[in-house]
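A quick write-up on the structure given underneath.
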Amino acid sequence: MTYEDQLDAALDRLHQEGRYRTFIDIERERGHFPHAIWRKPDGTEQPITVWCGNDYLGMGQHPAVLAAMHAALDATGAGSGGTRNISGTTVYHKALEAELADLHQKEAALLFTSAYIANDATLSTLPKLFPGFIIYSDALNHASMIEGVRRNGGAKRIFRHNDVAHLRELLAADDPAAPKLVAFESVYSMDGDFGPIAEICDVAEEFGALTYLDEVHAVGMYGPRGGGLAERDGLLDRIDIVNGTLGKAFGVHGGYIAASAKMCDAVRSYAPGFIFTTSLSPVVAAGAAASVRHLKGDQALRDKHQDAAKVLKLRLKGLGLPIIDHGSHIVPVIVGDPKHTKLLSDMLLKEHGIYVQPINFPTVPRGTERLRFTPSPVHGPEEIDRLVKAMDRLWAHCALNRAELAG
């Protein structure tokens, strides 16, 4: 075997299918987000507007967050110095976990280095705690949940996306005495649709199953204190384990679960993904705690975020573009072909200074390739107008290009 040839072949397949991912180097400008600078490979620079970021509320540059991080850096230095078990638990970590437990009205919270790791580590550890454990997972759950379920060594069942009747069938077919858990999301990031939280809780309670809710794309943005969809709908007490992120609406970095004190203690004690990982920097923990604390009282920012999403969807619909609108803040425009999605993304960047990454298989099914726009409170009328005009012009161009290729 020639290893270099095999690597070339694997990468060539991605290029031929139009799925090769290209990263661009951007420099965010403090106080000017969503504006940034694109550092091109030839050394030149171009101003751009970021339309695909997950800093949904602009909290990554909020003065309260920056002040907390500066203070922590000056007080404690850069890194944590170890895993949580070995000198890596600081007052900053404990303060953040207390803020998160309060946010979700749970007894405790447990920090991880990312929400991906929190999902993977928790879901893969639970069968060690409950012999005979069965996990029922929504078919469109995030890759981190899928990986955790796949690796856990226990039984798993996949129910059709948001299909509560199918979930009930699967639960009813298994041993009533077996320990069970239903894992699902509140906001699904690619289509922006909502999970039927109350209905799933009803079925889970009927069969004695725990509930595991990924609120990654909802925390900070929904609910009277930013506790997510479960808080908004008054269902926090019916969710056993909440997964969330600090890297999206909270604008910093890291992930967590919130649950009972015993559940968090057991995961802390058994999950390799927690035990053997250097803990978050105290600087990051301080910034995240400040962000969580601030957003508990800033409903105006959440309202402005929703307004921006509504305006963008209305404007794009007015152009007749094929957008998916489930009422969330996520705005997907379906292109349906990886090469044309990449072409549209490249033209938006180079000709209009608008940065939105193409989303292709395996993140979404083949034939549903898309551009996924994430408006924020700092995307004002001028930014929205520039985007809509660019899409109007380029969509027609890409339609002609598709027709030429088909002919």
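The values are calculated or read from the model by the stated rules, or taken from the named source; none is laboratory data. Computed from a predicted structure; not experimentally measured. With ideal geometry, Cβ positions are generated from the backbone for all residues, glycine too; neighbour counts draw on all protein chains shown. The accessibility values were calculated without ligands, DNA or RNA, using every heavy atom of the protein model including side chains. Shrake-Rupley method; radii C 1.70, N 1.55, O 1.52, S 1.80 Å.
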Inter-label distance for LEU14 and ALA75, nm, one decimal - labels placed 7 Å from Cα along Cα-to-Cβ: 4.2
Contact order normalised by length for the chain, with contacts defined as Cα pairs under 8 Å and 6 or more residues apart; what percent is it? 21
If you build a Gaussian network model of the chain, linking Cα atoms that sit under 10 Å apart, which residue out of PRO338, PRO176, PRO375 swings the most? PRO176
Once fully extended, how much extra length lies between SER269 and ALA67, figured as 0.36 nm per residue of separation less the alpha-carbon to alpha-carbon distance? 69.4 nm
Report, to the nearest 10°, how far helix 115-129 tilts away from the longest principal axis of the Cα atoms in the chain, using its own Cα long axis and a range of 0 to 90°. 30
Please give the Cα centre distance for the range 36-90 versus the range 194-255, rounded to the nearest Å. 25
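Listed highest first by mean packing, meaning other Cβ atoms within 10 Å per residue, what order do 155-161, 181-187, 214-220, 230-236 come in?
On the way: 155-161: 17.1, 181-187: 25.3, 214-220: 30.0, 230-236: 18.9.
Put in order of decreasing packing, that is 214-220, 181-187, 230-236, 155-161.
Using helices alone, what [θ] at 222 nm do you get for the chain, with -39,500 (n - 2.57) per DSSP H run of 4 or more residues, divided over all residues and rounded to the nearest 500? Walk me through the numbers on the way to the answer.
Numbers: 14 runs with 179 residues, N = 407.
Dividing the helical sum by the residues of the chain leaves -14000 deg cm²/dmol.
FRET efficiency for LEU314 and ASP346, Cβ-Cβ distance as r, R0 = 22 Å, nearest 0.05?
Numbers: r = 27 Å, r/R0 = 1.21.
So, using R0 = 22 Å, E works out to roughly 0.25.
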DSSP bridge pairs, the range 129-225: antiparallel proportion in percent, nearest 5: 5
In degrees, nearest ten, helix 3-17 long axis to first principal axis of the chain (Cα): 70
Carbon plus sulfur, as percent of the 1.4 Å-probe accessible area of the chain, comes to 55
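Would you work out the charge dipole size for the range 1-77 about its Cα centre, treating the Cβ of every Lys and Arg as +1 and the Cβ of every Asp and Glu as -1, and quote it to the nearest 20 debye?
Working: 7 positive and 12 negative charges, 70 e Å.
It comes to approximately 340 debye.
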For the range 151-259, the per residue accessible area (1.4 Å probe, Å²) is 32
For the chain, modelled as a GNM with alpha-carbon contacts under 10 angstrom, which of GLY380, GLY154, GLY320 fluctuates the most? GLY320
I'd like the orientation of helix 197-206 relative to the chain: the angle between its Cα long axis and the longest Cα principal axis, in ° from 0 to 90, rounded to 10. 30
For the range 1-84, what is the accessible area per residue in Å², given a 1.4 Å probe and the full set of protein chains? 62
Could you check the spin-label model distance between LEU7 and SER260? Points 7 Å from the Cα along Cα→Cβ, value in nm. 5.0
Antiparallel versus total DSSP beta bridges in the chain: what percent is that, nearest 5? 60
